[in-house]
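Visitor: Before anything else, here's the structure in question.
The values are calculated or read from the model by the stated rules, or taken from the named source; none is laboratory data. Every value quoted in this text rests on a predicted model; they were computed, and no experiment measured them. Positions of Cβ are generated from backbone atoms using ideal geometry, with glycine treated the same way; all protein chains shown enter the neighbour counts. When the accessible area is computed, the model is the full protein with side chains, heavy atoms only, and any ligands, DNA or RNA have been set aside. Shrake-Rupley method; radii C 1.70, N 1.55, O 1.52, S 1.80 Å.
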Amino acid sequence: MHNQFIAPARTRTTLTAAIALLVGLLLTLQPWATGRAHAHDVLVSSDPAAGAALTTAPTQVALTFNNDVLTGVANQIQVHGPDGASVAGDGLAAVEGRVVTVPVTITANGTYSVAWHVVSSDGHPVEGTFTFDLASPDAPAADETPDASASSTSAAPSASADAQTDDQSDNVDHSGAIVAWVITGVVVVIGVAAIVLGVRRSRRTKR
């Protein structure tokens, strides 16, 4: 009789421990899975820096992020001068690890605007804007009349980049969700198996 009372108590202890382990694993893995699916990269620095006042014209614009930028997609850095004309060609940027660059041809003084659009390591598009000023003694002041044709030309690659990065983002979102569901499923199966084994042992003990 004494053993019959001890066995159910041990079974209840085992089941409680299994449930606690299951809950603990779920709580531990949830932030990891969520972070993998939703974390975005951020811009760490730029050269020229945002708001910089330069006396020498730069030959490129470089952006540094906290993680490697995704390659194989249309990462862009659009740079426009005081007259609204692009000084970075089509704006398609080169990627080397965490650094994204685009060459620029700057010959006039004034304020330059930078609009960047890249795909972060998790597949999500991130973007931002900033400006810098050039006041070089060797460069003339720019004609600040906006160049409408240049603006419309630079808009076309941006639309193409948006379409490609949206597709990439959808694919990575689905992958992150699948990983999260697989991990959750494995943990649940382990927990259920532990509970079933505990119940079977309890029944055998009672017999």
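Visitor: Can you check what the net charge comes to around T64, using other residues whose Cβ is under 15 Å from the Cβ of T64 (Lys, Arg +1; Asp, Glu -1)? Display every interim value, and only then the final one.
Guide: Details: positive: R98; negative: D41, D47, D68, E96.
So the environment of T64 carries a net charge of -3.
Visitor: From the phi of every residue in segment 88-96, what ³J(HN,Hα) in whole Hz does the Karplus formula 6.51 cos²θ - 1.76 cosθ + 1.60 yield, where θ is phi - 60° and glycine or proline is x?
Guide: Once θ is set to phi - 60°, the couplings for segment 88-96 become 10, x, 7, x, 5, 9, 8, 10, 9 Hz.
Visitor: How do D47, D41 stack up against each other in accessible area, from largest to smallest, with a 1.4 angstrom probe? Intermediate values should be presented prior to the final figure.
Guide: Values: D47 105, D41 15 Å².
Order by accessible area, largest first: D47, D41.
Visitor: Let me ask another. Please calculate how many Å² of accessible area segment 39-83 carries per residue, with a 1.4 Å probe and no DNA, RNA or ligand atoms counted. All intermediate terms of the calculation are to be shown ahead of the outcome.
Guide: Values: 2030 Å² over 45 residues.
For segment 39-83, the solvent-accessible area averages 45 Å² per residue.
Visitor: Can you figure out the FRET efficiency of D83 with H40, using R₀ = 41 Å and their beta-carbon distance, to the nearest 0.05? Intermediate results must be reported in sequence, preceding the final value.
Guide: Values: r = 34 Å, r/R0 = 0.82.
That pair, D83 with H40, gives E of 0.75.
Visitor: Something else now. Mind grabbing the accessible area of S45 for me, 1.4 Å probe, Å², rounded to tens?
Guide: Ignoring ligands and nucleic acids, S45 comes out at about 60 Å².
Visitor: Next question. Long-range amide H contacts for L54: which residues qualify at under 5 Å (H placed 1.01 Å from N, peptide plane, sequence gap of 5 or more or a different chain)?
Guide: D133, L134, A135
Visitor: How large is ³J(HN,Hα), in whole Hz, for each residue of segment 62-75 in order, when computed from phi with the Karplus curve 6.51 cos²θ - 1.76 cosθ + 1.60 and θ = phi - 60°, using x for Gly and Pro?
Guide: Taking θ as phi minus 60°, the curve returns 10, 10, 10, 10, 7, 9, 4, 7, 5, 9, x, 10, 7, 6 Hz for segment 62-75.
Visitor: Note down the accessible area of R200, probe 1.4 Å, to the nearest 10 Å².
Guide: 140 Å²
Visitor: Would you pull out the residues with amide H under 5 Å of V61's amide H, same chain only if 5 or more places away, H placed 1.01 Å from N?
Guide: It is V102, V104, by chain and number.
Visitor: Among residues other than L54 whose Cβ falls under 15 Å from its Cβ, what is the net charge (Lys/Arg +1, Asp/Glu -1)?
Guide: -3
Visitor: If I ignore ligands, DNA and RNA and count only protein heavy atoms, how much of V44 is accessible to a 1.4 Å probe, in Å² to the nearest 10?
Guide: 90 Å²
Visitor: Related question: Which cross-chain or sequence-distant (5 or more) residues have an amide H under 5 Å from the amide H of V87, H modelled 1.01 Å from N in plane?
Guide: For V87, whose amide H was placed from the backbone, the distant partners under 5 Å are V79, H80, G81.
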